[in-house]
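Undergrad: Here you go, one structure.
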Amino acid sequence: MANTYTFPQNFYWGSATSAPQSEGTISGDGKGKSLWDGWFALEPGKFHNGIGPNKTSTFYENYRTDIDFLKKTGHNSFRPSISWSRLIPKGYGEVNPEAIIFYRDVFERLIAQGVEPIVNLYHFDMPWCLQEIGGFENRQVVEYYAQYAKTCFELFGDIVKRWFTFNEPIVPVEAGYLYQFHYPNRVDPKAACRVGYYTQLASSRAIEEYRKLGQNGKIGIVLNLTPTYARSSNRADIQAAEIADVFFNKAFLDPAVKGVFPDELVKILAKHNVLPEYTADELAVIKENTVDFLGVNYYQPRRVKARENLPNPEAPFFPEYYFDTYDMPGKVMNPHRGWEIYPKGIYDLAINIRDNYGNIEWMISENGMGVEGEEKFIVDGVVQDDYRIEFYENHLAYLHQAIEEGSFCIGYHVWTFIDCWSWTNAYKNRYGLVALDLKTQQKTIKKSGHWFKKVSEQNGF
Ligand code: BGP
């Protein structure tokens, strides 16, 4: 049967994962502790069912057979991340030889199978030794990160031709320094802004190092863009949405693609006395080292309205000073995860990139549907995840429309490959194309995994 939706030639079909969520650790692997290992040792009770990062999906041990599953689920590309603390256990200095062998073998095997590795350098996983000296609050850590990035390019740049500097850089900022769901769990808006600024600078420094080496590849950043919708066309509602957009999208999108921070953001941060210190040289690095392409993670939109009450001027500064979250009646929900499902959001963000960001090359680097208690959908040993297939098809239809209208989208990666550990949620929400039985460690392709293979082979559906 002919496709209803056919995607451009050489479209990337695949999935994303991250080192801290998939590798696990075994004794003798030489890995240093990351923020997740350090935090879990301090507060195991904060993690769902007390399951920590040491128990993640065993990719370090089983990558050879796991890579076979990539083929069986139709991947022509895959986004893993390198663990900074595995490669450089202290965060700077000595490189772990076991890690070099491991990553090299992973990338070579992927390529041998026809799966292009698109490699991310940082997925929320600050080395613990560096977190102890402030992580990205500390200017020195920016340079350690740039050195780490350069080491990765030197070690693997001959075979890895697409890189991402960071995954969702805003998440450690908001989660670690405002809303308290990542270590160090502080409420410190000034630190949040400093961490955000130094993370952007670190990304730009990595790009600078990459270009200096003259490798013939591309480098970008993965941002979680949340299209932002106002409750109504009322001026105050619209303004609330514009400010939320500045904080949660433009704060990284503008410097990444245009090389400058949005004026509105700078004004607001200065007004609330949380603007980080910066130098003209740093701003020049950011200006000169913009991305070649973008990865976009899309799960759900953001809906906002004008504030119902005046904010307390004495309270710590939060972006919500300027808006309230809007709980729109009738929105479609994923009842298994509690997030809104809004496929048209993918079209809106594609058109935004086309019209306001120079139609830069980009790809969906994560899209997916988390389901708690997914075992209940197993029939004859296979997860019958028709809800997930429907979710993907609805998003892909809108993505296809945006591409038809000229958006330069080069791929679609789902979250994720094999069900994996997810930070403090541990194994609560399952996203994989492949199910993982935690008791037996058996891996079984879900209905969506078989469906994905067909879509990839037909380059559409
Ligand atoms: C994204 C992260 C992933 C992954 C996913 C699912 O924002 O990049 O690392 O965790 O969210 O999140 P959760 O497991 O909380 O549903």
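Undergrad: So, in nm, how far is label GLU208 from label GLU94 when the simple model puts each one 7 Å beyond its Cα toward the Cβ?
TA: That separation, rounded to one decimal, is 3.0 nm.
Undergrad: If you don't mind, there's one more thing I want to ask. Over region 1-63, with the other protein chains present, what is the accessible area per residue in square angstrom, probe 1.4 angstrom?
TA: Values: 2920 Å² over 63 residues.
Per residue, region 1-63 has 46 Å² of solvent-accessible surface.
Undergrad: Is the C-alpha gyration tensor of the chain telling us rounded, prolate or oblate? Criteria: a/c under 1.5 is rounded; beyond that, a/b larger than b/c is prolate, otherwise oblate.
TA: Working: a/c = 1.34, a/b = 1.11, b/c = 1.21.
Rounded, because the longest to shortest axis ratio a/c is under 1.5.
Undergrad: Here is a follow-up. Within region 398-461, report the GluC sites (Glu not before Pro) that DSSP leaves as loop and that have at most 16 other Cβ atoms within 10 Å. Spell out each step's value before the answer.
TA: Working: sites: GLU404, GLU405, GLU457; in loops: GLU405.
Listed in order of number, the matching sites are GLU405.
Undergrad: Calculate for the chain the 222 nm mean residue ellipticity that helices alone would give, adding -39,500 (n - 2.57) per DSSP H run of length 4 or more and normalising by residue count, nearest 500 deg cm²/dmol.
TA: Numbers: 16 runs with 182 residues, N = 461.
So the calculated ellipticity at 222 nm is -12000 deg cm²/dmol.
Undergrad: Which of the peptides 175-181, 97-103, 195-201, 431-437 is most tightly packed, and how do the rest follow, judged by the mean count of other Cβ atoms within 10 Å per residue?
TA: Values: 175-181: 18.6, 97-103: 16.7, 195-201: 24.7, 431-437: 22.9.
Ranking the peptides 175-181, 97-103, 195-201, 431-437 by packing returns 195-201, 431-437, 175-181, 97-103.
Undergrad: Accessible area per residue for region 114-169 in Å², computed with a 1.4 Å probe and the full protein assembly in place, what is it?
TA: Details: 1440 Å² over 56 residues.
Here the residues of region 114-169 average 26 Å² of exposed surface.
Undergrad: Moving on. Loop only by DSSP, 14 or fewer other Cβ within 10 Å of the Cβ. Give me the trypsin sites (Lys or Arg not before Pro) in region 247-311 that pass, ordered by residue number. Provide the component values of the computation, followed by the final result.
TA: On the way: sites: LYS250, LYS258, LYS267, LYS271, LYS287, ARG302, ARG303, LYS305, ARG307; in loops: ARG307.
For trypsin sites (Lys or Arg not before Pro) across region 247-311 that sit outside H, G, I, E and B with at most 14 neighbouring Cβ atoms in 10 Å, the list reads ARG307.
Undergrad: If you average the sequence gap of Cα pairs under 8 Å that are 6 or more apart and divide by the length of region 32-146, what percent do you get for the contact order? Don't jump to the answer; show the numbers that get you there.
TA: Values: 126 pairs, mean separation 40.6, N = 115.
Rounded, it is 35 percent for region 32-146.
Undergrad: Next question. Loop-only trypsin sites (Lys or Arg not before Pro) in region 326-419, please: DSSP not H, G, I, E or B, and at most 16 other Cβ atoms within 10 Å. Present the calculation step by step, with values, prior to reporting the outcome.
TA: On the way: sites: LYS331, ARG337, LYS344, ARG354, LYS376, ARG388; in loops: LYS331, ARG337.
Within region 326-419, the qualifying trypsin sites (Lys or Arg not before Pro) (loop, at most 16 other Cβ atoms within 10 Å) are LYS331.
Undergrad: Could you look at region 101-164 and say what percent of its accessible area is carbon and sulfur, using a 1.4 Å probe and all protein chains?
TA: Working: 1020 of 2040 Å².
Heavy-atom surface of region 101-164 belonging to carbon and sulfur, 1.4 Å probe: 50 percent.
Undergrad: Please state, to two decimals, what the Cα-based radius of gyration of region 357-461 comes to when divided by 2.2 N^0.38 Å (N = residues).
TA: This ratio for region 357-461 stands at 1.18.
Undergrad: Okay, next question. If each residue of separation counts as 0.36 nm, what is the full-extension length gain between LEU283 and GLU132 once their alpha-carbon separation is subtracted? Could you put the intermediate results ahead of the total?
TA: On the way: separation 151, 0.36 × 151 = 54.36 nm, distance 2.66 nm.
Result: 51.7 nm gained on full extension.
Undergrad: Now for a different question. With every protein chain kept in place and ligands, DNA and RNA left out, what is the accessible area per residue of region 226-311? Probe 1.4 Å, answer in Å².
TA: Values: 4150 Å² over 86 residues.
Spelled out: the 1.4 Å probe surface of region 226-311, per residue, equals 48 Å².
Undergrad: With a ≥ b ≥ c the root eigenvalues of the C-alpha gyration tensor of region 6-127, is it rounded (a/c under 1.5), prolate (a/b larger than b/c) or oblate? Show your work: numbers first, answer last.
TA: On the way: a/c = 2.07, a/b = 1.61, b/c = 1.29.
It comes out prolate by the Cα gyration axes.
Undergrad: Hey, another quick one. For the pair SER27 and MET333, how long in nm is the line joining their label points, each one 7 Å along Cα→Cβ?
TA: 4.7
Undergrad: Which whole-number percentage describes the relative contact order of the chain, with Cα contacts under 8 Å and a sequence gap of 6 or more? Can you show the working numbers first?
TA: Working: 908 pairs, mean separation 86.7, N = 461.
It rounds to 19 percent for the chain.
Undergrad: Which pairs, out of LYS71/LYS331; LYS212/LYS428; LYS287/LYS454; LYS71/LYS428; LYS55/LYS344; LYS46/LYS376, put more than 32 Å between their alpha-carbon atoms?
TA: Working: LYS71/LYS331 36 Å; LYS212/LYS428 43 Å; LYS287/LYS454 42 Å; LYS71/LYS428 26 Å; LYS55/LYS344 36 Å; LYS46/LYS376 26 Å.
Checking Cα-Cα distances, LYS71/LYS331; LYS212/LYS428; LYS287/LYS454; LYS55/LYS344 exceed 32 Å.
Undergrad: Separate question: Using 0.36 nm per residue, how much length does the chain from LYS71 to GLN113 gain when fully extended, once their Cα-Cα distance is taken away? Write down the numbers at each step before the final one.
TA: Numbers: separation 42, 0.36 × 42 = 15.12 nm, distance 0.71 nm.
Length gained between LYS71 and GLN113: 14.4 nm.
Undergrad: What part of the accessible area of region 326-461, given as a whole %, is carbon or sulfur when the probe is 1.4 angstrom?
TA: Details: 2730 of 5420 Å².
Summing carbon and sulfur atoms, their accessible area is 50 percent of the total for region 326-461.
Undergrad: Could I ask something else about it? I need the peptides 415-426, 438-449, 21-32 ranked by packing, meaning the mean over residues of other C-beta atoms within 10 angstrom, with the highest value on top. Before the final figure, lay out each step's value.
TA: Details: 415-426: 22.4, 438-449: 16.2, 21-32: 18.2.
Output ranking for 415-426, 438-449, 21-32: 415-426, 21-32, 438-449.
Undergrad: Also: So if I take the alpha carbon set of region 49-196, get Rg, then get Rh from the Kirkwood formula, what is the Rg over Rh ratio?
TA: On the way: Rg = 16.5 Å, Rh = 16.6 Å.
With Rg and the Kirkwood Rh in hand, the quotient comes to 0.99.
Undergrad: May I pose another question? Quick one: length gained pulling ARG186 to THR325 fully straight, 0.36 nm per residue minus the C-alpha distance? It would help to have the intermediate numbers written out before the result.
TA: Details: separation 139, 0.36 × 139 = 50.04 nm, distance 2.19 nm.
Answer, rounded to one decimal: 47.8 nm.
Undergrad: Roughly what would the spin-label model give for ALA2 and LYS439, points 7 Å off Cα along C-beta, in nm?
TA: About 5.0 nm separates the two model spin labels.
The values are calculated or read from the model by the stated rules, or taken from the named source; none is laboratory data. Since the structure is predicted, the reported quantities are computational estimates derived from the model, not experimental observations. Here Cβ is always computed from backbone atoms with ideal geometry, including for glycine, and neighbour counts include all displayed protein chains. Keep in mind that these areas ignore ligands, DNA and RNA; they rest on the heavy atoms of the full protein, side chains included. Shrake-Rupley method; radii C 1.70, N 1.55, O 1.52, S 1.80 Å.
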